[in-house]
1. Is there any pair linking a residue in region 80-103 that is closer than 13 Å to P65 by Cα to one that is acidic (D, E) and part of a loop (DSSP other than H, G, I, E, B), with Cβ under 9 Å and at least six apart or on different chains, and which?
2. What is the one condition in (1) surrounded by 14 or more Cβ atoms within 10 Å (Cβ to Cβ); (2) among the aliphatic types (A, V, I, L, M); (3) at positive phi that M93 does not satisfy?
3. Looking at P51, P67, P56, P35, which one is surrounded by 10 or more Cβ atoms within 10 Å (Cβ to Cβ) and modelled with pLDDT under 80?
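The values are calculated or read from the model by the stated rules, or taken from the named source; none is laboratory data. Just so we're clear, the structure is a prediction, and the values are computed from it rather than from any experiment. Here the Cβ is made from the backbone with ideal geometry for all residues, glycine too, and neighbour counts use every protein chain on show.
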Amino acid sequence: MKYIVTLNDKRYEVDVTETDAVITGVSAVTAPAAPAPAAPAHEPAAPAPAPTANAPVAGTQVKAPMPGTIIDVKAAVGQPVKAGDVLFILEAMKMENEVAAPENGTVKQILTPKGSAVETDTVLAVI
């Protein structure tokens, strides 16, 4: 049985039998060209960028210790916390990891909602 598999923009033709698989050919995959956007008749002045809602405020940042997905948020803005209190549950490699408050304080900001994929050192909250 033959399959066409695309991986890293290369197309592989794979011939699979009951006991083995053999790549029989490789070809480049070309993406269709995107149409250029129409230019406006006049260039309006660009507004100054507004501060983003997800910019961390001043305080102690609680960061993700590893890449993963936030599967639960245990804290809320305004909630007093003590060092070691669990603020987030981070799933990484099929394991649930607790992200704890590094110090006593009050949660000033939650930057990462439940279901978010995060990288190492992503700021999750500010205390």
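1. Matching pairs, first to second residue: A100/D85; A101/D85.
2. (1)
3. P56
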